[in-house]
1. Given the criterion touching a Leu at 6+ places or on another chain (Cβ under 6 Å), part of a loop (DSSP other than H, G, I, E, B) and not hydroxyl-bearing (Ser, Thr, Tyr), identify the matching residue among B:ALA343, B:ALA318.
2. Assuming A:ILE296 fulfils every condition listed in (1) surrounded by 24 or more Cβ atoms within 10 Å (Cβ to Cβ); (2) in contact with an Asp or Glu (Cβ under 8 Å, 6 or more places away or on another chain) apart from one, which condition is it?
3. Filtering the range B:395-417 down to residues that are farther than 21 Å from B:ASP367 by Cβ, touching a Phe, Trp or Tyr at 6+ places or on another chain (Cβ under 8 Å) and among the hydrophobic types (A, V, I, L, M, F, W, C), which residue is surrounded by the most Cβ atoms within 10 Å (Cβ to Cβ)?
4. Give just the number: which of (1) buried (at least 20 other Cβ atoms within 10 Å of the Cβ); (2) away from chain B (no Cβ under 14 Å) does A:ILE301 not satisfy?
5. Looking only at the range B:749-794, which residues are in a loop (DSSP other than H, G, I, E, B) and either more than 30 Å from B:ILE735 (Cα to Cα) or free of Cβ contacts under 8 Å to residues at least 24 places away in the same chain (or both)?
6. Considering each residue of the range A:160-176, count those that are touching an Asp or Glu at 6+ places or on another chain (Cβ under 7 Å), polar (S, T, N, Q) and assigned to a loop (DSSP other than H, G, I, E, B), and give that number.
7. Give the number of residues within the range A:101-155 that are within 14 Å of chain B (Cβ to nearest Cβ), without any contact (Cβ under 8 Å) to a residue 40 or more places away in the chain and assigned to a loop (DSSP other than H, G, I, E, B).
8. Tell me, which helices (runs of 4 or more DSSP H) wholly within the range B:442-502 include 3 or more residues that are of a type in the set (S, T, N, Q)?
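The values are calculated or read from the model by the stated rules, or taken from the named source; none is laboratory data. If you're wondering where the values come from, they're calculated on a predicted model, not measured in any experiment. Here the Cβ is made from the backbone with ideal geometry for all residues, glycine too, and neighbour counts use every protein chain on show.
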Amino acid sequence: MGTLILQDGTVYKGQSFGALGGFEGEVVFNTSMVGYQEILSDPNYAKQILVMTYPEIGNYGVNDFDFESDNTHLVGLIVKNNCQQESHYKSRESLSNFLKKKNIIALSNIDTRSLVKKLTQMGTMSGFITSNDLDSEYINEKLGELQSFKIKEDILAEVSCKSRFAYNPQGKINIAIYDYGIKKGILNALALRNCRITVYPYNTEAKEILENDFDAVFLSNGPGNPANYTYQIAQIKQLMGKIPLFGIGLGCQLLALASGAKTYKLKYGHRGSNHPVINLENNKVVMTAQNHGYAIDLENITKFMRPTHKNLNDDTLEGFEITSLGVYAIQFQPEGKPGPNDAEFIFDEWVNIIKKDINRINEVKNER
Amino acid sequence: MKDRTLKKILVIGSGPIVIGQAAEFDYAGVQACRALKEENIEIVLVNSNPATIMTDEEIANKVYIEPLNLESLTEIIKKERPQGLIASLGGQTALNLACELFEAGVLDKYKVKLLGTNIDSIKKAEDREMFKNLMQEIGEPVPESEIVSSYNEASEFAKRIGFPIIIRPAFTLGGAGGGIARNERDYEEIVHQGLSQSPINQVLVEKSIAGYKEIEFEVIRDSNDTCITICSMENIDPIGIHTGDSFVVAPSQTLTANEAGMLRASAIRIIKALKIEGGCNVQFALDTVTNQYYIIEVNPRVSRSSALASKATGYPIAKITTKIAIGYNLNEIKNPITGKTAAFEPTIDYIVTKIPKWPFDKFSTGDRILGTKMKATGEIMAIGRTFVSSFKKAITSLEDRYTGLLWRGFQEMSNEELLTELYIQDDRRIFRLAQALYNGNEINKLCAITKIDKWFISKIKEIVDLERELSTTKQLDKKLYQKAKEYGFLDDEVMHLTQNTIETLKNFNVQPGFRLVDTCANEFSASTPYFYSAYAEADEVEDYKIKSQESYKKPKENILVLGSGPIRIGQGIEFDYCSVHASQELIKRGYESVMVNSNPETLSTDFDIATRLYFEPMNIEYIMNIIRKENPKGVLVQFGGQTAINLAEKLDQEGIKILGTSLESINAVEDRKVFEKLLKELNISQPKGCAVTSTPQALNAVKELGYPVLVRPSYVIGGRGMQVVYNDEELLTYITEAFKFSNEHPVLIDQYLEGQEVELDAISDGRDILIPGICEHIERAGVHSGDSMSIYPSQNISRKNEKILVKYATKIARKLNIKGLMNIQFIIKDDKVYVIEVNPRASRTVPIMSKVTGIPMVKIALSAILGKSIRRAGFGVGLYKKSNLVSVKMPIFSWQKLNRIDPALAPEMKSTGEVLGIDTSYKKALYKAFLAGGHKFSKAKQRVLVSLNDHNKKPALPVIKKLFKQGFFIMATWGTHKFLEKNGIPSKMIEKFMIDKLQKRMKNGRLSFIINTPTTGKNSQNAGFQIRTIAQMYGIPSFTSIDTANAFLVAHKVFDKNTELTYDTITNYRKKNFLELFK
């Protein structure tokens, strides 16, 4: 029997099927019906306690192929039913085993629908998840601690690579990526489009990147409150106008902040595989995968920022560009993983922009 | 944006209910009409099926109950001049008709725009060759296959690819005429069958990928190229069994996100390449050990699967498809459930299980093997928070004699035998699997035998293990009981397994919660009145009620409407019609209606038909849970067919009020002795009869009654197991079998009166009765009323007897204090009226009678039930005035889907649906009925095979004479030939045993139809049976009643005379009557 305590004092008891111990974290939910392995390894969920709305989890075990990063980042997983007997030819181990190895606390047999209702009504809360059956005294004590819980500000340090590395070195288009917790899906999508990628840690100075002759810089997805990342924003400001910049997720938010806009915390975030996003230019709608808790304040964008995409559920900003500065950004995850990759063509569009830019530069060079 | 030029739209329905095309298209059609009404578009609706809700005059502006063929539709288009045509919601029937109308140039000529998916796209999806080419173009894999139009070509393919091979005929519904061949002999037979059934003589022969996982996606696309998938569905049964015959679960359970994403992306590529506008269904085969997948099939229209996906997710696919058809883009449409955009993909937080309902309980000789040809008549769906609970609930929803997975007759089998039988893919496979698990066989072994994914088998094992735990536990505690409830075990099952009383269980105080279906897993606050029960879960009904009742000026009482469960032979769409009407009328009268049903195909389970909908098994425990939650004023049982009626007694035992006719009266007509006494008291005659519980008793009884007699088990649905027997030998065979089938109830033996059968429906308030009309059957008594052709108004009943019928009906209604609907069947023989059956509930004919007379029967019945006098309805009392319109109802059978079923008409019901021919004269209405039933008329000299049993020879003589006079060439079997010769009718003799020769003639289309009156007994070896079943196979009509044959000849004469048919709305047909009254 394990316990989940929410900031507002609600207590859930469930069966523990992961690691032993206890963690504090932000309690969030994801509405994807498949893809728990990708979500578990998505750095955007760093330090969070994740509730899956889909009730049967663990069905196909855990395999070697579907990780979105080399590690897991969340601290707790909450499900209605944990599958006892997984079945898939690729599966290497059960979800339960995997969670134990990765030190993730997991609870099952929880009324997740009620829990999610609470989160949508009250907004994202902090919580404490433990594999222990806590008594009321302990619960009260924890509850006190929870009121002052804050996500660590240096969370990027934990999800970013420690040192620079190359990916798809045989690629032709030379790009740099700021790794704020990048998903493998993005690296693969770019590699597939002939990009030679150099991945830089989150705290790399802009200068270092500008010293190399990159065709473009990508700013990756990642966890946390973008407004806290002042150092990163400052580096981005230095890059702006000097090199084409592309942002996804956190990268998009940081680009907005660097452009003078503001971000705010969504009541309960966008986490799922069914978020409709409309392209404001051609009114085409695509289904997107999302995994973020913050959004760009549409009311307070600067006049240079041209909104390109909007979420049809709540009208939040899903993408913008500043063409004069070569800034392009989207809030959602075009690679899916898990979820639809209907918007993957955005990578094509972006790579085409870079190619055009390269051609233009080459022409200028030739003229000289 | 909406196309504003569209003011009037033609909607084509799907025609009669047949296997492969059932109530789902009524549901889709009604949704479409409602969506068009919202847009103030005038709707012209054509459908030959009178039992549907879509043919109600409230649904469409103009309702044509007319045959669905090129001629009728051309005339209707000419007359109505609609700007648009919607064909993607009326199943394969409507889609094929749209193609015909296009080919014939009708659409062009009258400038009718085909809305939604265009002809080109339809053809690309439906034509095997074009589809294959398109798939190759966009790089989507299809299994190696070839289109052939002769067996020779097919044979070449087989030599190259090897067996097994799948055969799929082009343009047929539900895969009719197809199958899997494992050897050359089967191959030849199936290919021939497929070629003959395909309207374009084409079949696809395809490398079999049996054993792959079968996955379906429901996809929607708009003209702006926005695509969404509504739902993925995984068949528990692997490829090889038609998806309509498979256990299906939604969403998919065993796919990784990568696999699901790969198939989803493929589905979207396909719908984009096909340029579908609206709903579409894509079926995939996925290998179990690699990423290899194949496209199996694409349906460029709303289908049975879309109805399932709509009910499974709450997303109204048909409605959205309609809005797209008239020009909207997905992002311009609202999802009615969340109030957010319809351009999103539903996500669900529960598991849905669908199980087909097969007719094999009625067809004991039927071939139960499942393959690529669909055999189920209906289906049930269950929702649970876990797979196990959803699956267990689904099994309960089947309304079988047994509720659990075990104890279905397999426990006595040796394990070896069981494992051998487990290779058989039939309707009982899951139950064999459960027993095999109970016997302790290893999961991997069972997996290898059944090719069912280990995941599903493990889950079924969890259920079986819990069953064992329950049966071996010494002391049931709350924890174990709670677990059993979470798994979906019924209290009855727990009591039986643990030897506990209901009091013990009640003391544990374990209650279910009701959860909401909201399309979005609670991400947004939705207020859909669509619920399912779950244990260990909080309840959402209370919150919903508080929110929704805020707008009420004063509190409303609620009333529970019991639906009719899955569609089966004998209990069809007509009861959905009644339930829906009852629900809507309750709301109109200021009540809240609470609907319970388990059938995903129907309109009654649409979320906006009732005030609140509970998608639950039609089982007393589940219904009591709802009652405890809702605390209704009472329960309506008379609209949900036998399913609802069967629950009445149990509800009464729980102290729940049955509204309308009392349980006592319901029982009075079901209990033979009480009923006999009642009729005696009322001085009404009935055929003599008695109930017997042993063979000697039976023989004694017959001595008194004299042959022929009608034998049947007591308590029946659709006359199951009923038969006419003519001698001791037949009687003994029947009795022995009947007691094997059920020894709980006695066998009933009645005098068989071969007279005129008459039927009426009445509405009673206990004092007065209103009889909308009297119907007369074309076939003489002995054919189940559901299988006979019937005429309204009656043509051959004397005024005197009409009065007697009314008098009897009135007497019975008063005596039984009938409140609501009632149906009585009579026989008139030698000018004497006998009552043969009283049904104190809505009958099959209620929708028809409501439409042909214009009397809203369910509405009036409901006011009677609520204590109002029926006089206030404004239709008077007694027998309502006759219409001048004449309607002929014709039953429709699904023989081509069911192998080895004797198509002979009998007291046992076999038809799956019906059509109605309406016109101003009997002959024209009759002709239309045959046309609507798909009969072909031809001027060419035609050959007819006649084979009569001894009993029928003499009565058949006038009909055969007529046949000869009308210019048919008669071929006759030996006995019949001799008989005809004696009576001066020339015929060519044919030996019965020359079946092969006959088969050839049928194959080559050299036989127009067959008149074959069956010899009795269920001997499947006899020649008549063989002739009939071969005829079925080649789609050659066989008339097994002289009266049907006679009616066909009458209709043929109308055709021979080049009679021009006109088509009109049901409203106008009735008005014509009105005008003529004033003349």
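1. Step by step, each of B:ALA343, B:ALA318 is checked, and only B:ALA343 is touching a Leu at 6+ places or on another chain (Cβ under 6 Å), part of a loop (DSSP other than H, G, I, E, B) and not hydroxyl-bearing (Ser, Thr, Tyr).
2. (2)
3. Selected residue: B:LEU405.
4. The failed condition is (1).
5. B:GLY766, B:ARG767, B:ASP768, B:PRO793, B:SER794
6. Kept after step one, since they are touching an Asp or Glu at 6+ places or on another chain (Cβ under 7 Å), are these residues of the range A:160-176: A:160-161, A:173-175.
This time we only want the ones that are polar (S, T, N, Q), so: A:160, A:174.
Narrowing the set further to residues that are assigned to a loop (DSSP other than H, G, I, E, B) leaves A:160.
Counting residues in the range A:160-176 that are touching an Asp or Glu at 6+ places or on another chain (Cβ under 7 Å), polar (S, T, N, Q) and assigned to a loop (DSSP other than H, G, I, E, B) gives 1.
7. Residues in the range A:101-155 being within 14 Å of chain B (Cβ to nearest Cβ), without any contact (Cβ under 8 Å) to a residue 40 or more places away in the chain and assigned to a loop (DSSP other than H, G, I, E, B): 0 in total.
8. Those helices (runs of 4 or more DSSP H) span B:454-472.
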